[in-house]
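Following: one structure in structure tokens, then a few remarks.
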Amino acid sequence: MKQKLVIKVSMNGHTSRFYCFGPQNPHSKALKVAGGFPGVQSVALAGDRDRIEVTGDVDAVNLTTLLRKKVGFAEIVSVSEVKKEGDGRDTPGITMDPQPMMWPSYPRREIVYLEDPYPQPRSWPL
């Protein structure tokens, strides 16, 4: 079931203390953590840049717990089901049958020597 989550994450504007990997903004860190979670299809900042909007087949509690561990305080604001909108692309009665992938068969290349790789010993003139 595809759902839309809105999670409020405290992003105080401090950067990461691990400078060997480069300072990391809490916004980008929260988006990376949420984007790497299994089942996530899209991630975006929403509201006053303190909320993350996640769409996909995701466990909301596990994602919020992971954000608390990695970024800071996080709470679930809303969970709603995403309704599929009819965009008019699907026309009834027309089905697309996938064609099998056909790789071209190339003829085997023959090795052609310009010179004989194993020359016969020459006889010396006597």
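Key figures for this structure:
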{"item": "Proximal charge balance of A46 [Cβ under 13 Å; K/R count +1, D/E count -1]", "result": "+1"}
{"item": "³J(HN,Hα), Karplus 6.51/-1.76/1.60, whole Hz, each residue of segment 41-51, x for Gly, Pro", "result": "9, 8, 9, 8, 7, 10, x, 8, 6, 10, 10"}
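Laboratory data are not the source of any read-out in this text; all were calculated from the coordinates shown. Bear in mind the structure is a predicted one, so any value in this text is a computation, not a measurement. Note that we place each Cβ from the backbone using ideal geometry, even for glycine, and neighbour counts take in every protein chain shown.
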